[in-house]
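Here the structure is laid out as structure tokens; the discussion comes afterwards.
The values are calculated or read from the model by the stated rules, or taken from the named source; none is laboratory data. Everything numeric here is computed off the predicted structure, so don't read it as measured data. As a convention, Cβ positions derive from the backbone with ideal geometry for all residues, glycine included, and neighbour counts pool all protein chains shown.
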């Protein structure tokens, strides 16, 4: 099996905003403990991307020849990231009930 090199992980502003919104919704809907646990799960996945960025499949809504857009499914959310030569760019965390057109807008996010 081919060994992957370690890449820097960068977060978009939109990801941080999405995460804040998911946390707030979680607090209001499920309580503080559940929201914190969910956020902790998200951070565990993000922190592991530096070595495991090829572990997750290509995002089926953002197909490319290079398979640069990948997604992590976590409960009701889709975490979308982009692999470029020197880094992993975490673009969005989107609720699964969002429209596909909203997911496709992740392509235009610049870091």
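When residues in segment 37-74 are screened for being out of contact with any helix residue (DSSP H, G or I) (no Cβ under 8 Å at 6 or more places or on another chain) and either without any contact (Cβ under 8 Å) to a residue 24 or more places away in the chain or under 22 Å from residue 102 (Cα atoms) (or both), 20 of them pass. For segment 14-36, a residue qualifies if it is farther than 16 Å from residue 90 by Cβ and either in contact (Cβ under 8 Å) with a residue 60 or more places away in the chain or loosely packed, with under 12 Cβ neighbours inside 10 Å (or both), and the qualifying residues are 24, 28, 29, 31, 32, 33. Taking each residue of segment 96-107 that is farther than 13 Å from residue 80 by Cα and looking for partners that are at pLDDT 80 or above with beta-carbon atoms closer than 8 Å, six or more apart or interchain, yields 97/76. Surrounded by 17 or more Cβ atoms within 10 Å (Cβ to Cβ), farther than 18 Å from residue 13 by Cβ and at pLDDT 90 or above: does that describe residue 81? Answer is no for this residue.
Applying the set (1) farther than 16 Å from residue 5 by Cα; (2) within 13 Å of the chain's Cα centre (by Cα); (3) modelled with pLDDT under 95 to residue 53 leaves exactly one unmet item: (1). In segment 78-90, the condition of being touching a strand residue (DSSP E or B) at 6+ places or on another chain (Cβ under 6 Å), touching a residue at least 60 places away in the same chain (Cβ under 8 Å) and over 20 Å from residue 20 (Cα atoms) is met by at least one residue.
Can you find even one residue in segment 66-84 that is part of a helix (DSSP H, G or I) and under 19 Å from residue 109 (Cβ atoms)? Spell out how you get there, then give the answer.
First, the residues of segment 66-84 that are part of a helix (DSSP H, G or I): none.
No; the residues of segment 66-84 include none that is part of a helix (DSSP H, G or I) and under 19 Å from residue 109 (Cβ atoms).
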